[in-house]
Structures are given as C-alpha cells and as structure tokens.
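The values are calculated or read from the model by the stated rules, or taken from the named source; none is laboratory data. The model shown is predicted, which means the values in this text are computed figures rather than measured ones. All Cβ positions, even for glycine, are placed from backbone atoms using ideal geometry, and neighbour counts span all protein chains on display. Please note that ligands, DNA and RNA were not included when accessible areas were found on the heavy atoms of the full protein model with its side chains. Shrake-Rupley method; radii C 1.70, N 1.55, O 1.52, S 1.80 Å.
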Amino acid sequence: MKLIKLTQGKVTMIDDDDLKVVSAFRWYAHLEDGLWYVVRHDRSDGKDKPCYLHKFLLGNPKKWVDHRDGNTLNNQRSNLRLCSRSQNAANRGKQQNNKSGFKGVCWHKRDRVWRAQIMAKGVLYHLGTFEESEEAAKAYDAAAIRLHGEFARLNFPSKYLDL
C-alpha cells in the first residue's frame, strides 16, 4: 500500500501496483456531500470536468463505484467494487444531522419512542417503534442485511461477523 499526499491535508491509499499510473497526474482532495474524494481535472475533450480516482482505477466504468469500508480516501482495489446507485446508497453512513447516533433510527416526538426505518428500491419500510434507540438500531441492522446484503452499512457490524 502507498500513501499519496493531497491538498487540504488529506492522504489517499492506493495499491503499490497503481503508483506509477496514479503519479502521472496531479490529484487533489475534494469535499462533496460531506465526503472527501480524490479528484483531478480532466481536460481531454476540451472541457474541464472532474475525474475521480476510484472510477479512474476501475477504467471509468459507467456504473457506480462503491468504497466497501465507507472511507472515500481508501482507493485500494480491494476496497472498490462496482455497484448500482441503490447499492451505493445502502452503503452510505448515517446522515450528518443524525441525532440518535444510529443509521435508520429517529425520535418520534409525538409518541416519545424511537422509530426504525429503512429505504430499499424506492420503498420506505417502517420497522417499528422502540423504547431504546439501540433496539431500533438492531431492527434496522436485521432489515439492512435482509434487504441490502453485502452492501448493508450496519450500526453494529461486529455483531454480524460470524454470519
């Protein structure tokens, strides 16, 4: 594994075998929707458009590219996989404005309970209400595994390591 320094004090990880091709360009850190990405300017067709390192390494596929561990600065090939937009969204972490501390869990003010919910293939599933946020998070995790499979981003991943 090699580390490449970027702008904004960030560093990206790549495989040793990719160092030569990646070093031929000037890469920088780019903040987008709360996540840091590794980008360079592509002016090959006369227009200035961004070229993302994770897509570049996989040959600029038309499909989406997902970072398995959620770390968009980890661009080692073992961390990258082709996916659909829906699968990529399933592997997203909790929202920045999250107050419960858990993905898929929110406080239901009127009933004064924690609610668990999950979105899959455009359908919002209500998983129930719970007295404790941890119980709601466990319900979310079970549904995420069932609906999203290997792309599920879990609240308690170590609990499911043996599955």
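Quick one: how many residues across the stretch 120-152 are closer than 14 Å to ALA89 by Cβ and in contact with a Gly (Cβ under 9 Å, 6 or more places away or on another chain)?
Here the count works out to 1.
With the structure loaded, tell me whether LEU53 is under 11 Å from the mean Cα position of the chain (by Cα), farther than 24 Å from LEU147 by Cα and surrounded by 11 or more Cβ atoms within 10 Å (Cβ to Cβ) or whether it fails that test. Can you show your working first?
Values: under 11 Å from the mean Cα position of the chain (by Cα): no; farther than 24 Å from LEU147 by Cα: yes; surrounded by 11 or more Cβ atoms within 10 Å (Cβ to Cβ): yes.
Against the criterion (under 11 Å from the mean Cα position of the chain (by Cα), farther than 24 Å from LEU147 by Cα and surrounded by 11 or more Cβ atoms within 10 Å (Cβ to Cβ)), LEU53 does not qualify.
Is there a residue in the stretch 73-83 that is in contact (Cβ under 8 Å) with a residue 24 or more places away in the chain and more than 25 Å from LYS55 (Cα to Cα)?
Within the stretch 73-83 (the criterion being in contact (Cβ under 8 Å) with a residue 24 or more places away in the chain and more than 25 Å from LYS55 (Cα to Cα)), the answer is no, since none of the residues qualifies.
Are any residues in the stretch 120-138 open to solvent by 80 Å² or more (accessible area, probe 1.4 Å) and modelled with pLDDT under 95, and if so, which ones? Spell out the reasoning first.
Taking the stretch 120-138 as the starting set, the residues that turn out to be open to solvent by 80 Å² or more (accessible area, probe 1.4 Å) are 121, 124-126, 129, 131-132, 135.
Within the stretch 120-138, just LYS121 meets the criteria.
Which one is modelled with the lowest pLDDT, of the residues in the stretch 10-46 that are among the basic types (Lys, Arg) and farther than 11 Å from PHE56 by Cβ?
Quick first cut of the stretch 10-46, residues among the basic types (Lys, Arg) only: 10, 20, 26, 40, 43.
Right, trim to farther than 11 Å from PHE56 by Cβ and you get 10, 20, 26, 43.
Details: LYS10: 97, LYS20: 96, ARG26: 95, ARG43: 84.
The qualifying residue modelled with the lowest pLDDT is ARG43.
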